[in-house]
Amino acid sequence: MILVNYLAAVALFGTGLYVLLTRRNLIKIVMGLSLMEASTYLFLVSLAYRAGSTAPILLSPPPGHTARQLAHGNVADPVLQNFCLTAVVIGVAVTAVFLSVVVRVAQHYRTLDADQVRAMRG
Amino acid sequence: MTRAGIDDNRSVARAADREATEREPRHRPWVGALLAAGIAAALGVAVAGIPREHAPLPLIARYALDIAIPRWKLTEPVNEIVYGTRGFDTFGETFLLLAAVMSVVVITRPREPRRGYFGEAAAGAREQTQDDPAVGADPTEQEARSAERREQGGASHGEEPVETPDAVPLGTPAPERAEAMTVVVRTAIRVVLPILAVAGLYLVVWGYSPGGGFPGGAVMLGVLLLVYAAFGRRKISRVIRPDLLENLELAGAALIIMTEFLGLVFQGSFSANWLPLAQLMTPLSGGVAQLFSASELIEVATGLAIVVFALLGISHDWAPDEGRGSSGGDGGQGQ
């Protein structure tokens, strides 16, 4: 029933997109983006899951197995876990950049309402 | 209308304004909901058709699991992928992180160079907060300035700062100065801190078991933030300095470039392993992967620390913009 996880990730993504499209508060827009990021983490980790599998660690294989057997046996997908690690780091970096821009916007325009920030408008 | 009446009207208008912002206006919620729901539906249909939990592992995952022990002597395939098979990807990610850190530094940087993240703004605070009589600030700026003055009230003419929060006698009336936390928190953090720091380093050194530079770096940032939260910024100001952190960060980046590039020199391929592999399940068993992981610890820990402290230390720059200041004399610019 990993499909439930996939659909939950899609729902999270949709929620984040909705927040992004409809809110005018810049902090909430950044929160919407973070929600969308979080949905990719959930999706990648769910995609790596295999029914009844163990972690892809060859350090101490379950009793009766050797590391070699484990490498060919039923384990979760390590490549997608690596993708998730990458996504987390990039998500943190991007959120930090957005937040610092928001702080500067708030200082310059004295508002967080995206509609009031209109210096670039004709 | 009398002056008082005008003022009254203004405050009513402002109150209405505030109420309007508290009700939080939105942009076309129905269009947004429709678009978001449409995209979610399309994605939902797409994920219904992708492999589920009973699908066989992709070939690339099997390959990584297969070569982890023979080629890298690593018992942790995820680390083998991060720093070995997909090392080039991690290399790119590192520099994406570096680019983000640089953007934050550029965005949050005050106009004059500073040696510390905190405290230095206080030196020029009097001049900074003074209104320039020649310019005559507009009402919103006056309001913002007075609000900032109110916020800083305690800091600028409060009691003498003490050397360490431990010197404040117990039972001093609350709220304590926002420098440090209570003695309970400080003691707990003193106990936890060395354990946490060792755990962070363990994650990196024992890279053949789950761990690596990224989680290790995040733990080291946690250590720094705990010290900051518990003991105040004065305690960390000797370590958390922009010049030190930024140089460390760039040294980490240089180490990563060197690690990956020497593979091209010695082995003929970028990010190939050029170090001898130690025995299985020893800290040096990953060869170049462990070196990469350790450099990544430096990179992530200092990068995240720079970002967090740059955001914490961000202060309002009252110097007028070049375009705006020109009408009212030289507007205190460039003096």
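Miscellaneous remarks
- log10 of Debye I(q)/I(0), alpha-carbon scatterers only, for segment B:59-107 at 0.23, 0.24, 0.30 Å⁻¹: -0.75, -0.79, -1.01
- Compared with the dominant Cα axis of chain A, that is its longest principal axis, helix A:26-48 is turned about 10°.
- Across every pair of non-identical alpha carbons in segment A:22-115, the mean reciprocal distance, once inverted, gives a Kirkwood radius of 16.1 Å.
- Stretching B:His316 away from B:Asp66 to a fully extended chain increases their span by 84.5 nm, per 0.36 nm per residue minus the current alpha-carbon distance.
- Order of B:Glu141, B:Glu296 - criterion: other Cβ atoms within 10 Å of each residue's Cβ, fewest first: B:Glu141, B:Glu296
- Taking the Cα atoms of segment A:54-100, the ratio Rg/Rh between the radius of gyration and the Kirkwood radius comes to 1.29.
- Loop-located trypsin sites (Lys or Arg not before Pro) in segment B:188-286 (DSSP state other than H, G, I, E, B) with a sparse environment of at most 14 neighbouring Cβ atoms within 10 Å: B:Arg238.
- Computed E for B:Gln142/B:Trp30 - FRET, C-beta separation, R0 45 angstrom, nearest 0.05: 0.65
- Charge context of B:Gly216, other residues only, Cβ under 15 angstrom, K/R +1, D/E -1: -3
- Where trypsin sites (Lys or Arg not before Pro) in DSSP loops with at most 14 other Cβ within 10 Å are excluded, longest remaining stretch of chain A: A:1-109
- Inter-site label distance for B:Phe266 and A:Ala106 at 7 Å from Cα along Cβ, in nm: 4.9 nm
- Förster radius 30 Å - calculated FRET efficiency between B:Arg115 and A:Tyr49 (Cβ-Cβ, nearest 0.05): 0.05
Laboratory data are not the source of any read-out in this text; all were calculated from the coordinates shown. Since the structure is predicted, the reported quantities are computational estimates derived from the model, not experimental observations. No Cβ is skipped: glycine too gets one built from the backbone with ideal geometry, and neighbour counts run over all protein chains shown.
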